[in-house]
1. Sort A:288-297, B:302-311 by the packing proxy (mean of other Cβ within 10 Å over each peptide's residues), most packed first.
2. Indicate the gyration tensor shape class of segment B:2-319 (rounded, prolate or oblate), computed on the Cα atoms with a ≥ b ≥ c the square roots of the eigenvalues: a/c under 1.5 is rounded; otherwise a/b larger than b/c is prolate and the rest oblate.
3. For segment B:229-301, what does the alpha-carbon gyration tensor say about shape, rounded, prolate or oblate, given a ≥ b ≥ c as the root eigenvalues, a/c under 1.5 as rounded, and a/b over b/c as prolate?
4. Using the Karplus equation 6.51 cos²θ - 1.76 cosθ + 1.60 (θ = phi - 60°), what ³J(HN,Hα) coupling, rounded to whole Hz, does each residue of segment A:239-249 give in order, writing x for Gly and Pro?
5. Between B:C315 and A:V193, what is the label-to-label distance in nm when each label sits 7 Å out along the Cα-to-Cβ direction?
6. For segment A:69-86, just list the computed ³J(HN,Hα) in residue order, Karplus coefficients 6.51, -1.76 and 1.60, θ = phi - 60°, integers in Hz, with x standing in for Gly and Pro.
7. Just checking the output field for B:100-113: average partner chain Cβ neighbours within 10 Å of each residue's Cβ?
8. Projected area of segment B:176-291, taken from the Cα convex hull and averaged over every viewing direction, in nm²?
Amino acid sequence: MLYRDALNLALDHAMEQDPRVLLLGEDVGFYGGNYKVTDGLYVKYGPKRVIDTPIAENSIVGTAIGMAMMGLRPVAEIMTANFAMLAMDQVVNQMAKLRYMSGGKIFLPLVVRMPQGVAKQLAAQHSQSLEHLFASVPGLYVFCASDSTSAYHGLLYAIKLDDPVIFLEHVLLYGVDFPLENSKDFNPFQARVLKEGKDITVVSYLKMVHDVLKACQWLEEEGLYCEVIDLVSLRPIDFETIYSSVKKTKRLVVVYEAPKSFGLGAEVSARVCEELFYFLDAPPLRIAGGEVPIPYNRRLELLAIPTPERIYSQILSWSKSHGL
Amino acid sequence: MSQTLAEKFYYLMKLGRELEVRCKEEYLKGNISGFLHLAIGEEAVHVGAVIGFGKGDLFCPYREHVLALARGIEAKYIMAELFGKVTGVSKGKGGSMHLYEPKMDFYGGNAIVAAHLPHAVGAAYARKLMGEKAGVLAIFGDGATNSGTFFESINMASLWEVPVLFLCENNQYAIGTHISRSSALKDLYLKARDYMPSVQVDGMDVFVVYEAVVKAKEYIEEYGKPYFIEALTYRFEGHSMADKGDYRSPREIESFKRRDPIKLLVDKSLQMGWLTEEQIRLMDQKIEKVIEEAVEFALNSPEPSEGELYTDLYCGVCSDVIP
Ligand SMILES: Cc1ncc(C[n+]2csc(CCOP(=O)(O)OP(=O)(O)O)c2C)c(N)n1
Ligand SMILES: [Mg+2]
């Protein structure tokens, strides 16, 4: 099932099961969504439950918060994470804090969905990976969907949670066909081990997971066996799964599309160093985007983010220089 | 006067149209990528506004090829940018939505809806403070007028009394959402009327746009205060190359195409004797040549070298950048 259809199905099922669930966002209704994730839902559920909003990101999240306070379960779509920067007051100052500040009296069963990442030549203001901004805020849950299974089950789970969730999708995955597994007890708080291996633990999420899997296949031809972990949740991170893998492999690599500094790589490596320093056979390696806005030119764009080829060659040379 | 204007309008509008038609072809060939927003159908607003405004700073949204042409940026530098080449206006780093030429007071291209409106207010404040009176032209869509940034900007421009001309090109749609589904007010000029002089004009007639902008420019220069124009127009294509635009009925599209701004200009100019068929033919020939040369230039230009990835992020030793 296409990733976008899996998301659509999750929304459809959630709306079918619970009349309190409603959608709002720019172009989500009549137009069917900029990436067609909400296609057909406007016709099925009508304009009261699939709301076309003006271009007003901060107030999209703000009104969704108000709806959630009154017991609805809104799912807001921000067209892309880039525009969520206009909603940061509502996300950071409001959505993440209202429950805590009210001493637990206010519930915010609210999901804010958005795609992020580099597509193809959309230039600096439309190509960002901003997960670390959300993941650094206590009070938010941050989920990622790397395939149709985590898209469908993860989104349904998020909608059913009584706490606010930032739900991240990747622009390049919408048109990709993945098997939709029937995992009844899917738990987004648990990282997924997508591939077992004895030599290196590679942690990733969203689209990079697939680039990592490709690179790891090539690495097997070099006799290196990677264990690939997909972080379905970035806040909280399932460190237990990472730790038990690293205890086995003694080596950690983190791969992500955002600029290397201040990202998930820093957090995961630091925690692993804190907990498992004496287990490690090599310093952790971060493979990530460059410290630049994403340029328009295709060649430069591809230089600014990890590619399967570069993931492969960086892991290979790193493991060679650390005795593998 | 009308003769020279008609000639200028025709040349720029047709050049804009042909350039964008060619961009579409080059996009389909794979020479241009990313988001490409065409202004086909909206040329009267873009050309009428930029020519009418004359000297002064320009802040534009992502649909800015024709605005850049009208400001005097050569077609070849625009085309090279769209091709991602180092000879492009933004060295291939910006693409279609990010054409900048501060030397010509052209400040982009912005891919975030309404984000350039406060820039325009700040720029006007600066110009006024520095004793210059040309003022600033800010162009944006109907959809942008629903954002908080828009309301904050008109309030600050009015409060601070700065010379900004807010020009709203109302093409009725924000991507696939019709204005009736996103704005409580249908006549957008009403949103600004309590803050500044505000009018609604026919955006398909370049002479009408031009005259409205000239009048507005005189006002902002004389009083150093803001002014608002809503120009009613229509985009003939989808929102971008990623959008077919099929949420609009063929009848609706046809009804606007009957008032194609270029056709209106030609009809009026021939009728009034401002242009002859022969003049038009010669201009068309010239335009064809300019566009061929632009594509040729773009094709033959080099891509940025790998080292360019990390240049231009910080200025290093900064010099005074205000021209
Ligand atoms: C803050 C922000 N939100 C959403 C978008 C996505 N987006 C790009 S263009 C657009 C519609 C803008 O419509 P309008 O202002 O009428 O301009 P038009 O394209 O019709 O000229 C939207 C929603 C964006 N670029 N920036
Ligand atoms: Mg519009």
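Read-outs throughout are calculated quantities, based only on the coordinates presented, and are distinct from any laboratory measurement. The structure displayed is predicted, hence computed values, not measured ones. In this analysis, Cβ positions are derived from the backbone assuming ideal geometry, glycine residues included, and neighbour counts consider all displayed protein chains.
1. Highest mean packing first, the order is A:288-297, B:302-311.
2. rounded
3. Taking the square roots of the gyration eigenvalues as a ≥ b ≥ c, segment B:229-301 is oblate.
4. 5, 4, 5, 5, 4, 5, 5, 5, 4, 7, 8
5. 5.5
6. 4, 8, x, 6, 10, x, 10, 8, 10, 9, 3, 8, 4, 4, 7, 5, 4, 6
7. Per-residue shielding by partner chains comes out at 2.
8. Directional mean of the projected Cα hull area for segment B:176-291 stands at 10.5 nm².
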